[in-house]
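Could you have a look at this structure, given as structure tokens, before my questions?
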Amino acid sequence: MRVYTGCVQRTEDLTPSMRRIVLAGEGLRGYTTTGVGDEYVRLIFPAPGATEPILPTVTGDCLDYDSIDLATMRTYTVRDFDPVTGEVTVDFVVHDGGWPPDGPAPPPPATWSASTPPTACTTHRPR
């Protein structure tokens, strides 16, 4: 198991409620696709008020999920991976008014896709 970090390379609004985000950067060097059609990544976002996420501890081939605030992590399907450029593409639903609307403060991923880029993602490979 390895933790990769990425920066937003570009974004594209597919619909008023769907945004495509392309992640790239030196922190994704060595990332490879599993080739599985439903491959996914776990994105870890900064907590409210923070600029960097707290990344999980890696022990051997396992992530220590007790070492992070799970409310800052979400799992997303990889839309595309370009091995030439090293870009990872993920599509996000943009929630109007938070998550859920009129509820308590939304978790970091709910408001992130409309404005702030993620700074880290982890990959989980099927065994």
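Among the numbered conditions (1) touching a Gly at 6+ places or on another chain (Cβ under 8 Å); (2) in a loop (DSSP other than H, G, I, E, B); (3) small (Gly, Ala, Ser), tell me where Gly37 comes up short.
That leaves (1) as the condition not met.
One line per residue, one yes/no per condition, for (1) surrounded by 13 or more Cβ atoms within 10 Å (Cβ to Cβ); (2) in a strand (DSSP E or B); (3) more than 14 Å from the chain's Cα centre (by Cα):
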residue: Leu43; (1), (2), (3): yes, yes, no
residue: Pro48; (1), (2), (3): no, no, yes
residue: Pro53; (1), (2), (3): yes, no, no
residue: Val58; (1), (2), (3): yes, yes, yes
residue: Leu63; (1), (2), (3): yes, yes, yes
residue: Thr75; (1), (2), (3): no, yes, no
residue: Arg79; (1), (2), (3): yes, yes, no
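Collect the residues in the stretch 81-108 that are modelled with pLDDT under 90, under 13 Å from the mean Cα position of the chain (by Cα) and farther than 18 Å from Thr15 by Cβ, keeping them in residue-number order.
Within the stretch 81-108, just Pro108 meets the criteria.
Regarding Ala24, is this residue in contact with a strand residue (DSSP E or B) (Cβ under 6 Å, 6 or more places away or on another chain), surrounded by 15 or more Cβ atoms within 10 Å (Cβ to Cβ) and either farther than 14 Å from Thr77 by Cβ or free of Cβ contacts under 8 Å to residues at least 24 places away in the same chain (or both)? Steps first, please.
Numbers: in contact with a strand residue (DSSP E or B) (Cβ under 6 Å, 6 or more places away or on another chain): yes; surrounded by 15 or more Cβ atoms within 10 Å (Cβ to Cβ): yes; either farther than 14 Å from Thr77 by Cβ or free of Cβ contacts under 8 Å to residues at least 24 places away in the same chain (or both): yes.
In short, yes.
The values are calculated or read from the model by the stated rules, or taken from the named source; none is laboratory data. None of these values were measured; they are calculated from a predicted model. Glycine gets a Cβ as well: all are built from the backbone with ideal geometry, and neighbour counts include every protein chain shown.
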